[in-house]
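Enquirer: Following this message is one structure expressed as structure tokens.
Nothing in this text is a laboratory measurement; each read-out follows from the coordinates by a stated rule. Keep in mind it's a predicted model, so treat the numbers as computed, not measured. Here the Cβ positions follow ideal geometry from the backbone for every residue, glycine too, while neighbour counts run over all protein chains shown.
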Amino acid sequence: MHLPRLHDRRFRTRPVRALILDMDGTIVDTRAFHMRSWRVLVGELGLGEREYQIAEAGFGKTNWMIFSQWWPGQRPRGVDDDELSERKESIFRELIRGHVVPRPGFRELIELALRNGIKLGLATSSPKENALFLLEELGVRELFGAVTWGWAGIRSKPHPDSFLLAARLLEVPPVNCLGYEDSDHGLLALRRAGMGIVGIAERPLDLNRLRLWTPYVFSDFQGATWMLRRVMEG
């Protein structure tokens with residue numbers, strides 16, 4: 001495992017008081033279940049491979065953006081974007097129930113943080129129902145002092161709003177937060193929020209891309225736990 005040197009001066013001058021994590025692709029690898037839910041929805045609507053491929057290529061985009069590509073003009077009669085989105089996400093939750101597994105090292109990371117008085121927050125672009133459902137499935141809902149989600153009246157990533165709101169709810173200044181992300185949009189949001197940045201690669205081919213944003217990039221939370229321990233040791 002490649003372990004980067006902790007050369008960032010911020011860790012010596014601004015103690016870490018909170019960890020704020022993304023969910024999909026970071027804490028849990030949900031990609032396969034999201035794509036299966038799109039496949040089911042496409043079938044229910046009587047659509048075809050074109051619409052599924054648009055959803056696959058648009059992974060990480062909002063459901064509304066994908067619907068707009070399905071139907072660039074006026075929606076078919078009886079089609080409501082909000083209802084379709086709710087249906088798609090309910091299918092996702094049905095499929096992943098009982099199969100929610102965190103990335104290696106996740107539990108060790110949050111246990112280390114809590115033992116040392118470091119608060120936990122979640123900042124996800126997923127809807128509230130998904131965020132709370134996945135935390136409950138992981139058995140860690142009560143450990144997170146702040147949970148922010150998409151579609152809640154705040155701008156989505158790459159805007160920093162979800163991370164900044166989580167920090168505010170935790171009552172921790174952004175400069176004292178470490179953020180964990182797997183996507184370019186999320187990493188840009190962290191940079192704009194002024195937080196420390198840790199990249200968690202969803203796939204091996206993502207490692208070099210994430211290193212464009214931060215030297216602190218790991219294939220899972222085992223390396224990230226090592227990093228946090230080193231940061232606390234000074």
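Enquirer: Taking the stated definitions as given, is residue 92 over 25 Å from residue 216 (Cα atoms), surrounded by 23 or more Cβ atoms within 10 Å (Cβ to Cβ) and either touching a Phe, Trp or Tyr at 6+ places or on another chain (Cβ under 9 Å) or free of Cβ contacts under 8 Å to residues at least 12 places away in the same chain (or both)?
Expert: Yes, satisfied.
Enquirer: Filter region 28-55 for residues that are more than 16 Å from residue 202 (Cα to Cα) and of a type in the set (Asp, Glu); which is nearest to the chain's Cα centre (by Cα)?
Expert: 51
Enquirer: Can residue 110 be described as touching a strand residue (DSSP E or B) at 6+ places or on another chain (Cβ under 8 Å), assigned to a strand (DSSP E or B) and buried (at least 16 other Cβ atoms within 10 Å of the Cβ)?
Expert: When the stated conditions are applied, residue 110 does not pass them.
Enquirer: Hey, another quick one. In region 48-85, what count of residues is obtained for those that are loosely packed, with under 13 Cβ neighbours inside 10 Å, in a loop (DSSP other than H, G, I, E, B) and among the basic types (Lys, Arg)?
Expert: 1
Enquirer: Just to be sure before I move on: is residue 225 in contact with a helix residue (DSSP H, G or I) (Cβ under 7 Å, 6 or more places away or on another chain) and over 27 Å from residue 58 (Cα atoms) in the structure I sent?
Expert: yes
Results for (1) touching a residue at least 24 places away in the same chain (Cβ under 8 Å); (2) in contact with a strand residue (DSSP E or B) (Cβ under 9 Å, 6 or more places away or on another chain); (3) under 21 Å from residue 150 (Cβ atoms), shown as yes or no for each residue.
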| site | (1), (2), (3) |
| --- | --- |
| 170 | yes, yes, yes |
| 184 | yes, no, yes |
| 199 | no, yes, yes |
| 210 | yes, yes, no |
| 219 | yes, yes, no |
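Enquirer: List the number of the failed condition for residue 90; all other conditions in (1) outside any helix (DSSP H, G or I); (2) among the small types (Gly, Ala, Ser); (3) under 13 Å from residue 126 (Cα atoms) hold.
Expert: Going through the list (1) outside any helix (DSSP H, G or I); (2) among the small types (Gly, Ala, Ser); (3) under 13 Å from residue 126 (Cα atoms), residue 90 breaks only (1).
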